[in-house]
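Only the coordinates and a few stated rules stand behind these numbers; no lab work does. This one's a predicted model, so the numbers in the text were calculated from it and none came from an experiment. Note: ideal-geometry Cβ built from the backbone for every residue, glycine included; neighbour counts use all protein chains shown.
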């Protein structure tokens with residue numbers, strides 16, 4: 001996606017940013033902010049430029065702003081978060097905290113996280129901290145990793161637990177979701193790197209089924225995803 005935008009507008013006209021906070025769409029022109037967290041912005045090459053400083057000063061009227069020297073790493077860390085919890089929120093109809101508090105949901109979330117994490121590492125991305133947690137902390141490869149991961153997940157949910165996935169909000173209003181960019185972005189990048197990503201691939205399929213009215217978002221999706229071989 002970044003490369004596509006660079007091609008269209010030119011690298012000298014591209015500034016990258018993410019929002020770490022979330023909101024729920026209550027109606028036309030009416031949003032409820034559900035979490036408090038900063039904007040993160042930066043130049044692709046990590047420089048602290050005059051335009052970045054100016055943009056930060058403008059955005060501070062809405063929220064705290066962090067200027068990152070590793071914005072690509074920030075983007076990928078946000079993708080790990082979204083592909084895991086927005087993807088699961090969309091197919092289950094649950095808030096982030098409800099996914100995390102469900103034993104099956106938590107297990108699937110850790111597996112999804114690893115899929116995107118492994119892709120990022122394979123393509124040479126230096127992941128960066130998001131919501132006070134470094135992505136490494138949520139990588140679970142053995143039972144010995146669970147304590148550390150559960151503690152990190154608790155930090156995330158304390159900040160983001162009330163979030164309703166943007167893709168779930170899209171489904172609820174009959175709109176096309178971003179699943180092809182979020183979970184599909186992980187899956188396509190994984191394929192180009194020679195890595196499998198069965199859970200992300202399956203979530204793309206499930207969300208498209210919801211878009212087409214072939215199924216509805218349900219907690220039952222967790223048990224289905226738990227059977228997917230990673």
#### Entry: Protection proxy ranking, peptides 208-220, 155-167, 12-24, average beta carbon neighbours within 10 Å, highest first
155-167, 12-24, 208-220
### Query
How much length is gained on full extension from residue 61 to residue 176, taking 0.36 nm per residue of separation minus their Cα-Cα distance?
38.3 nm
### Query
Using alpha carbon centroids, what distance separates the range 31-52 and the range 156-230, in Å?
25
### Message
Suppose R0 equals 41 Å. What FRET efficiency, 1/(1 + (r/R0)^6) with r the Cβ-Cβ distance, do residue 54 and residue 154 give to the nearest 0.05?
### Response
0.65
### Task
Report, for the chain, the % of DSSP beta bridges that are antiparallel, rounded to 5.
75
### Message
Let's test this: bin the Cα-Cα distances of the range 70-226 at 5 Å from zero up to the farthest pair and state each bin's percent.
### Response
2, 10, 20, 24, 22, 14, 6, 1, 0
### Task
Would you work out if the range 108-169 is rounded, prolate or oblate? Take a ≥ b ≥ c from the square roots of the eigenvalues of the alpha-carbon gyration tensor; rounded if a/c is under 1.5, else prolate when a/b is larger than b/c, oblate otherwise.
oblate
### Query
So, in nm, how far is label residue 69 from label residue 31 when the simple model puts each one 7 Å beyond its Cα toward the Cβ?
3.0
#### Entry: Cα-projected label distance for residue 195 with residue 162, points at 7 Å along beta-carbon direction, nm
3.4
### Task
Before rounding to the nearest 500, sum -39500 (n - 2.57) across all DSSP H runs of length at least 4 in the chain and divide by the residue total; then give [θ] at 222 nm in deg cm²/dmol.
-14500 deg cm²/dmol
### Task
Just need log10 I(q)/I(0) for the range 143-230 at q = 0.12, 0.20 Å⁻¹, Debye formula, equal scatterers on the alpha-carbon atoms, no solvent, rounded to two decimals.
-0.48, -1.15
### Query
Given a cut-off of under 8 Å on Cα pairs at least six residues apart, what relative contact order in percent is computed for the range 26-66?
46
